[in-house]
1. Can you tell me the accessible area per residue over region 491-632, all protein chains present, probe 1.4 angstrom, in square angstrom?
2. Work out, step by step, the length gained on full extension between E431 and W289: first 0.36 nm times the residue separation, then minus their alpha carbon distance; give nm to one decimal.
3. For region 501-509, just list the computed ³J(HN,Hα) in residue order, Karplus coefficients 6.51, -1.76 and 1.60, θ = phi - 60°, integers in Hz, with x standing in for Gly and Pro.
4. What is the gain in length, in nm to one decimal, between L46 and A626 on full extension, counting 0.36 nm per residue of separation less the C-alpha to C-alpha distance?
5. If one computes P(r) from the Cα atoms of region 229-345, what percent of pairs lie at distances over 21 Å?
6. Between I574 and R554, what is the label-point separation in nm under the 7 Å Cα-to-beta-carbon projection?
7. Taking the Cα of W464, stepping 7 Å toward and past its beta carbon, and measuring to each backbone N in region 673-717: which are under 11 Å?
8. Using the reciprocal of the averaged 1/r over all distinct C-alpha pairs, how large is the Kirkwood radius of region 576-707 in Å?
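The values are calculated or read from the model by the stated rules, or taken from the named source; none is laboratory data. Treat the numbers as computed from the prediction; the structure is a model and nothing was measured. So basically every Cβ, Gly included, is an ideal-geometry build from the backbone, and we count neighbours across all protein chains shown. The protein model used for the area step is the full one, side chains on, heavy atoms only, and it has no ligands, DNA or RNA in it. Shrake-Rupley method; radii C 1.70, N 1.55, O 1.52, S 1.80 Å.
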Amino acid sequence: MSSEFKSITNTRPPLSKDSCFMTISYTLRKYLFFSLLPILASLAVLTTPIKSDLSAFIIAGDSDDEMLLASEMQSGALSRRYVLSIVDPKGEAITATGQIDRLISQLKVINGVTDVWRVEQSRAAFKTIGHIYAQHAAHLYSRDPETGLRAILSPEALTQRALALKSALLSPQASIIKPIALQDPLLLSLNGFRSIAGQSLKNVQTHQGPFQNLQLETAASGLDVGVQRGIHSQIIKTFDTWNNRQNDQYRLEMTGVPVFAIATQSMIEGDIAKVGVLSSLALVAIFLWLFRSLRALLIVFSLLLATTAIAVLITHAVFGYVHGMTLAIGSTLSGVCMDYAIHGLVHGQNAPRDKREAAIICIWPSMAMGAITTSVGYGVLGFSGYPGFKQIAVYSAAAILSALLLTRYVLPSLLMDLPGLAMAGRRGILEYWLLFCTQHRAKIVPVVILLIAAAASNLPSLHWIQDLQELTPEINYLKAIDKAIRERMVSIEPGRFVLISAKDPEIALQKAEQVYLVLERLKTEHKLQDYFGLYPWILSSQQQQHNAALLRERLDATVIKTWQQALKAQGLSIAKLGHPDYPETAPLTAQQLLASPLKHMIEHQLVINPDRVLIMIWLADHDPEAVQTALNKLDNVHYFSQRDLLNNLTTQYTKRACILAAIGMAIIFALLWIGYRRPWPALQTLLPSLSAAVIIAGGLSLTGQPISFLHLTGFLLAISICDDFGIFFMENRGGEITLTYRAMAASMLTSAVAFGCLAIADTAVLKTLAGVVGLTVVIGFLLCPVMIKPKLSEEKSSA
């Protein structure tokens with residue numbers, strides 16, 4: 001047994017009596033492989049960036065607008081913000097005290113934080129309005145200047161406006177109002193903000209309680225988890241220090257894209273570590289139990305390491321990064337890729353040393369056909385609409401192809417030093433199953449057919465998941481916190497808004513003005529409680545110029561005289577305030593506003609990209625069907641519902657998964673038909689895997705467990721893996737069915753264990769694949785001797 005511990009590279013292979021050249025070739029291949037292996041592994045580990053954004057892995061819209069919106073939500077201004085809610089557990093109201101101001105000041109100095117402000121300030125930042133809007137008073141006083149000017153310039157309105165001006169100049173806000181009044185005596189620049197003040201007051205009255213909400217913006221994207229983790233921990237540390245001085249009377253709650261990203265990456269990193277370690281240990285244990293050879297273990301796992309490194313490097317070259325979920329799901333390929341080496345090991349070690357490569361070449365057609373069909377199963381995932389599976393398709397194709405080629409061209413040189421097969425004389429329980437099925441096949445087949453029929457009869461009762469969010473129950477606690485915090489902030493319905501798209505800001509703003517008219521009509525019909533658009537912050541340049549021209553036309557000598565009389569009645573200076581003059585100036589642009597201190601007011605509703613502009617109009621309580629119907633007549637205007645989008649994506653993915661599963665099966669069947677030149681052997685090869693999938697699906701239906709497109713994807717993967725068993729069993733190219741089934745058993749155990757280890761993951765996606773693929777592979781393997789009659793050695797020789 002001591003020879004087992006000798007290094008492969010230090011053991012001289014036996015010289016061939018017939019060909020010294022072959023011996024040299026084996027030696028060169030062996031040393032070249034072990035020389036390149038550490039280089040490949042080092043490149044894969046040191047040069048490959050790993051990402052973990054789960055939303056990008058799962059969610060992608062079909063339209064350009066949805067894709068741009070998804071990109072903005074993942075990397076734009078909204079993605080960079082935390083919402084902090086300071087809660088008093090005793091239920092006492094928190095006012096804007098100096099203590100909160102000190103906390104804001106302390107949060108602002110955190111490295112990477114660009115600004116911190118109270119949520120209500122976003123609707124009450126009137127201090128900066130005078131600096132920007134006074135000079136644009138003639139441009140933005142109304143969305144409907146005809147109606148607006150009648151209400152502003154009538155004698156009664158001018159009298160009331162003079163009284164309001166006097167009250168404002170005598171109020172605590174006099175220092176803000178006075179410079180505005182000198183430029184804009186009629187206070188037209190504040191005209192549109194009355195509606196915002198009303199909305200803000202309504203929200204404050206509705207959402208008062210034992211909390212204080214803050215918004216914190218960072219320079220880095222919310223999905224830059226490396227940076228956000230440091231900021232997140234500093235926020236908690238700063239709050240704890242501040243709260244300690246308040247006798248720990250408050251509690252901090254947080255939400256926002258960075259919070260979800262940090263939790264998701266931590267979960268994925270934990271899954272990768274747990275699944276990777278457990279699957280590696282399990283595969284080592286199974287391998288040693290089956291083969292009882294450390295040297296054979298070293299050979300197979302060296303090939304597996306090379307396969308993984310090549311797959312990672314190719315995926316990195318194609319996408320520029322590798323996703324953490326790709327590595328987690330790709331770890332299951334370790335069992336699949338080991339299959340080829342195991343088949344080569346079992347058949348090669350069972351042959352004399354000088355015929356081991358010939359034994360591997362003998363089963364090469366079966367391995368090649370199995371690799372192709374398995375690659376088809378993984379490859380069609382790239383067309384599933386499930387964004388992350390595009391990367392998995394490339395990763396798996398690279399892994400399977402490299403594993404196949406390494407088995408064919410490298411494994412023979414590594415086997416030359418190994419003794420005969422250690423497991424050759426042992427009969428396991430699975431071989432007894434083979435013997436039992438061979439002897440009683442005629443009795444077992446009717447029972448299996450009845451089982452399949454019963455399972456198939458339950459398929460119409462399958463319960464399909466309709467909400468994509470059900471696929472991520474592991475972060476439900478964060479969703480609950482997010483919902484609670486946002487209910488304290490505003491009266492809008494989260495995730496529901498009107499989405500306007502255009503090629504430039506001016507066209508987008510003009511389209512928004514058309515939408516405002518529709519929404520106003522819906523308000524009068526009581527189909528919409530309220531909405532939050534970009535007015536009064538900004539209007540289109542076309543509308544601003546029309547407003548200014550109409551104002552100068554209506555502001556005649558009669559109106560000015562009436563205004564002066566109103567000022568005199570209130571004791572106000574006619575010299576300073578009695579000559580309203582609104583000279584022609586350039587309209588206010590969206591770009592100017594986004595570059596001002598008021599950018600916080602609109603940057604979450606206005607997204608400007610080089611080739612596309614999006615405007616979002618948030619909606620309060622409303623009738624979704626009425627809103628959608630009213631907006632259907634407007635081009636490039638969509639009623640957007642995040643939940644509806646996710647539900648539609650679920651339906652799309654499910655339909656696509658069904659189609660792709662059928663296409664995948666058709667391609668696999670066609671390849672087998674071409675290989676066997678007859679349809680029946682091709683169908684017989686697939687029967688065990690198809691039957692296993694039907695049995696598992698019927699069981700899910702019987703238990704009432706909901707399924708999704710992920711289950712369909714898992715079934716396709718399982719069938720593409722399991723059909724390898726059918727190919728090897730059907731062809732039996734080694735001529736010994738017991739030896740073939742033994743190799744199949746080892747392959748089944750490694751594949752089932754690799755996928756089964758996903759069950760310990762916290763991510764529901766991985767757990768789903770663990771159950772579906774693992775069970776289907778096991779059942780498909782057990783059905784092979786029931787549903788397939790293999791070619792025996794005497795049949796081969798006679799043929």
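1. The answer is 46 Å² per residue.
2. Numbers: separation 142, 0.36 × 142 = 51.12 nm, distance 1.57 nm.
Extending this stretch completely gives an extra 49.5 nm.
3. Residue by residue, region 501-509 yields 10, 7, 7, 8, x, 5, 5, 5, 5 Hz.
4. The L46-A626 span can extend by a further 203.3 nm.
5. Values: 3894 of 6786 pairs.
Percent of Cα pairs beyond 21 Å in region 229-345: 57.
6. That separation, rounded to one decimal, is 2.4 nm.
7. Taking a point 7 Å out along Cα→Cβ of W464, the residues of region 673-717 whose backbone N falls under 11 Å are 707-709.
8. 21.9
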